[in-house]
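Heads up, the thing below is written out as structure tokens.
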Amino acid sequence: MSELTNPALRPLRDPAPLLERTRQEWGGRSDLWVFAYGSLIWRPEFGFAEQRPARVHGWHRALKMWSRINRGTPECPGLVFGMLSGGSCQGVAFRIPQQEADTALERLWRREMMTAVYEPRWLPCRTGEGVVSALAFTLSRRSPSHTGVLSEQDYRRIFAQACGQFGTTLDYVQQTHDQLLKLGIHDRSLSRLLCLAPRAAAD
């Protein structure tokens, strides 16, 4: 069943107005900053002139967003990261040159906003060279793609079974964890979740 005919894969809303709003908010008069907290860290798919370790306050990385395409299926949903309100989040701020930013935004929309689940926001990111306002893809707890509370048993089952067009949920989580460690970022909650992974798959 294709994305267009499967109701589970149809966009929740039209992503085009969200892209236009984001373009207007950016203004096109300066370089574009993007805050990465998940797979954008290790697979950005856009050119950038600079990357900085960054922290955002008021939001945190959470493995609580259903994935029915990339890391799971409608029949066996997987998980991807969303950024939920509360706490803080360490990640990477990418600077995209002004002349390349519009093309980068279109690529980001094709990748992150295919089902228009995320809420694009401009968030202040603290870096070693000062604060920058960066585009971040956040998740509302009211979204039908937000999982709510998951048990350890739920995570074990998803790590063992969920696989989509880009691979398994477990591989996605492990790659994000490994890249964060390379950047000197220790996400204790993420490390605890990986301890629930099937031993053979995690080795």
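The values are calculated or read from the model by the stated rules, or taken from the named source; none is laboratory data. All figures in this text were calculated on a predicted structure; none of them were measured in a lab. Heads up, the Cβs are rebuilt from the backbone with ideal geometry, glycines too, and the neighbour counts pull from every protein chain shown. When the accessible area is computed, the model is the full protein with side chains, heavy atoms only, and any ligands, DNA or RNA have been set aside. Shrake-Rupley method; radii C 1.70, N 1.55, O 1.52, S 1.80 Å.
Here's the yes/no breakdown for (1) among the polar types (S, T, N, Q); (2) touching a strand residue (DSSP E or B) at 6+ places or on another chain (Cβ under 7 Å); (3) at negative phi:
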| residue | (1), (2), (3) |
| --- | --- |
| Val131 | no, yes, yes |
| Leu135 | no, yes, yes |
| Thr138 | yes, yes, yes |
| Thr169 | yes, yes, yes |
| Gln174 | yes, no, yes |
| Leu180 | no, no, yes |
| Ile185 | no, yes, yes |
Helices (runs of 4 or more DSSP H) lying entirely in segment 105-203 (those with 3 or more residues that are surrounded by 14 or more Cβ atoms within 10 Å (Cβ to Cβ) and modelled with pLDDT of 95 or more)
152-161, 169-182, 188-194
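State the number of residues belonging to segment 51-74 that are open to solvent by 50 Å² or more (accessible area, probe 1.4 Å) and modelled with pLDDT of 95 or more.
The qualifying residues number 7.
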